[in-house]
1. Which of (1) at pLDDT 65 or above; (2) closer than 27 Å to Ala67 by Cα does Phe29 not meet, given it meets every other one?
2. Looking at the structure I just gave you, is Ala42 within 23 Å of the chain's Cα centre (by Cα), surrounded by 11 or more Cβ atoms within 10 Å (Cβ to Cβ) and at pLDDT 90 or above?
3. Residue by residue through the stretch 45-75, note down the ones that are within 19 Å of the chain's Cα centre (by Cα) and among the hydrophobic types (A, V, I, L, M, F, W, C).
Amino acid sequence: MAITGTSSSHVEAAFNSSNKGVDSAGDLFKGLSGDDLTRAKAQYALQKQQETVAFVSNVMKKLNEIAMSVINNLR
């Protein structure tokens, strides 16, 4: 199932939103500096990206299930 039109823009918005999370984490990185800060920010960004990918994957799965349900009801 291809992502088209509005769905594609929502997926892109979700990824952009997850990338903004590192800058808005605020107190999470208080007390860290140098390499520790760099690693913590990278790990946080990766975690947010994984959450976003899981969310988008679940949405796409549900859309596929809905489409398959409609197809099966037409039989």
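1. (2)
2. On the way: within 23 Å of the chain's Cα centre (by Cα): yes; surrounded by 11 or more Cβ atoms within 10 Å (Cβ to Cβ): yes; at pLDDT 90 or above: yes.
When the stated conditions are applied, Ala42 passes them.
3. From the stretch 45-75, those within 19 Å of the chain's Cα centre (by Cα) are 45-64; that's our starting set.
Across the stretch 45-75, the qualifying residues are Ala45, Leu46, Val53, Ala54, Phe55, Val56, Val59, Met60, Leu63.
The values are calculated or read from the model by the stated rules, or taken from the named source; none is laboratory data. Treat the numbers as computed from the prediction; the structure is a model and nothing was measured. Note that we place each Cβ from the backbone using ideal geometry, even for glycine, and neighbour counts take in every protein chain shown.
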